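> Here you go, one structure.
Here, each number is a calculation from the coordinates, and none is a lab measurement. In this text, all values refer to a predicted model and were calculated from it rather than measured experimentally. Neighbour counts run over all protein chains shown; Cβ positions are idealised from the backbone, glycine included.
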Amino acid sequence: MEEHNNKRCCKIVATYFGVRRFYPQNEDHTIEMLKDFVEHEKTLDPGVPNLDVIFINHNCGSIKGNKFLDSLDGEEIYSGKIHVFHRPWDNGKGVSLGSFDYGFKLLKNHYDYWFFQEDDYKVVHPEYYLNGVNMLEENINTAFIGYDMYENGKRLTPLLNLLKIIFTAPLIIFGYWKYIIPFLKTIKKTKLLVKEGKIPFCGGMMGITKTNFLNEIIQKDGNLPYPSIEVAKDQTKYKEFNNIEKIRYNLKHTLFCVLGEIEFTRIYNDLGYNLKSYPNTKELIFSYKNNKFKK
C-alpha cells in the first residue's frame, strides 16, 4: 500500500432527490438511504490512506434534499472527507452519467484514481478500493476494473439483437436521428467483444479507473459517454402514459442503456485498452433498491 500513499483517490457518487419509480422513491427515502451510505463510508476500510467521497447532485430543486446534502460537506469518513457539488438540472439531461462527466471535469486535476457509482448501491468488501488500484497497476493496458461486470455473453447477444430490431425504426419515427448510427455501432461492437470472449461492459458503471484514461476519452469525444436526452423529474407516472408516451419513455431508457451504461466502459476498447472484472466475491454490492446483495 505504501506505493499508493501519494496517490489521490476519490469516489464519485451520482445522487438525485427527485421522484423515482423504485426505492428511494422521494427525497425522504433518498435522505434515509444516504444517511446509511455515509455511516457505511465511515466504518468500511477501503484499503487506501486517502479516499474522498464526492456527491454530484443532479439538482432537481429539492430544498430539503439539497440542505441535507450540504450538511454533509466536509464531514470526515474512514480515510478522507465528503465533498458536495450540485450540477444544474438542465431538463434532466445525462442523469447519473452526466453527473459522472460533470464531476470528472470539475475535479480532474485533484485526483489520480476515480471510482464511479450511483447512490443506490454500496460496496461492502473491505479494501475494495486498494484491490481495484492494484488490479489497474498490474497491467498498463487495463483501463477499468468493473465491480458489476456483465460477463454473460449468451444472454447479452440475443438482448442486443432484440433491441436493434425493436428500437431502430422508432428512433427514426420519433426523431432521434442523431442517435441511430451510434446506437447501431455500439450494438455491433459489443456483440463483437462478446464473440471474442471479452467482457463488454460494467453494470451500473460501477468501477475504478485513472485520470489519464478518462482524459483520453474527453480528448476523443469531449465528454464521458452519455446521450444528451431530457428526462422528467417524476418517474412514477409510467402507468398513466398513453402508448405514444410509453414508447418514447422506453426509447430514452434504451438509449441511456446502450449509449450510456454500455458505452461508459466499452469505449476503452476503442482506445486499445482492456476491462477487468473485480473478483466475484459474495456479498460485494448491496442494492438499496432491492434491499439485498447483488448476485
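> Mind running the shape call on the range 180-295? Use the C-alpha gyration tensor, a ≥ b ≥ c as the square roots of the eigenvalues: rounded below 1.5 for a/c, prolate if a/b tops b/c, oblate otherwise. Spell out each step's value before the answer.
Numbers: a/c = 1.84, a/b = 1.27, b/c = 1.45.
In terms of gyration-tensor shape, oblate.
> Under 8 Å for C-alpha pairs, at least 6 residues apart: give me the relative contact order for the chain, rounded to a whole percent. Please list the in-between numbers first.
Values: 498 pairs, mean separation 72.1, N = 295.
Relative contact order here is 24 percent.
> Apply the Karplus curve 6.51 cos²θ - 1.76 cosθ + 1.60, θ = phi - 60°, to the phi angles in the range 167-182 and return the couplings in whole Hz, x for Gly and Pro.
3J(HN,Hα) across the range 167-182, in whole Hz: 9, 4, 5, x, 4, 6, 4, 8, x, 8, 4, 5, 9, 5, 5, x.
> With the cut-off at 1.5 for a/c, could you classify the range 175-241 from its C-alpha gyration tensor as rounded, prolate or oblate?
Values: a/c = 1.68, a/b = 1.46, b/c = 1.15.
Here the range 175-241 falls in the prolate category.
> Under a crude label model (7 Å from the Cα following the beta-carbon direction), how far is Asn250 from Ser71 in nanometres?
Spacing of the two 7 Å Cα→Cβ label points: 4.2 nm.
> While we're on this one: I need the Kirkwood Rh of the range 1-152: take the reciprocal of the average 1/r across all distinct C-alpha pairs and report it in angstrom. If you can, show how the numbers build up before the last one.
Working: mean 1/r = 0.0620 Å⁻¹.
It is 16.1 Å.
> What is the set of long-range amide H partners of Gly207 at a cut-off below 5 Å, with H atoms built 1.01 Å from backbone N?
Amide H neighbours of Gly207: Phe116, Tyr147.
> Could you tell me the distance between the Cα centroids of the range 200-268 and the range 95-157, to the nearest Å?
What the calculation gives is 15 Å, centre to centre.
> If you keep only loop residues by DSSP, which GluC sites (Glu not before Pro) in the range 259-295 have at most 12 other Cβ atoms within 10 Å of their Cβ?
Working: sites: Glu261, Glu263, Glu283; in loops: Glu283.
Those that pass, being in a loop and sparsely packed, are Glu283.
> Further question on the same structure: Report the charge-dipole magnitude of the chain in Debye, nearest 20, computed about the Cα centre from +1 at each Lys and Arg Cβ and -1 at each Asp and Glu Cβ. Can you show the working numbers first?
Details: 40 positive and 36 negative charges, 305 e Å.
Computed about the Cα centre, the dipole is about 1460 debye.
> Another one. Pull out a ≥ b ≥ c, the square roots of the eigenvalues of the alpha-carbon gyration tensor of the range 86-236, then state rounded if a/c is under 1.5, prolate if not and a/b is larger than b/c, and oblate in the remaining case.
It comes out oblate by the Cα gyration axes.
> In nm, to one decimal, how far is the modelled label at Arg21 from the one at Leu162, with both set 7 Å along Cα→Cβ?
1.5 nm
> Would you pull out the residues with amide H under 5 Å of Cys202's amide H, same chain only if 5 or more places away, H placed 1.01 Å from N?
When sequence neighbours closer than 5 places are left aside, the close amide H contacts are Tyr150, Thr265, Arg266.
> Rounded to the nearest 5, what is the percent of antiparallel bridges among the DSSP beta bridges in the chain?
On the way: 14 of 38 bridges.
The antiparallel proportion sits near 35 percent.
> Shifting gears a bit: Summing -39500 (n - 2.57) over the DSSP H runs of n ≥ 4 in the chain and dividing by its residue number, what mean residue ellipticity at 222 nm do you reach, to the nearest 500 deg cm²/dmol? Intermediate values should be presented prior to the final figure.
Values: 9 runs with 124 residues, N = 295.
When only DSSP H runs of four or more count, the value is -13500 deg cm²/dmol.
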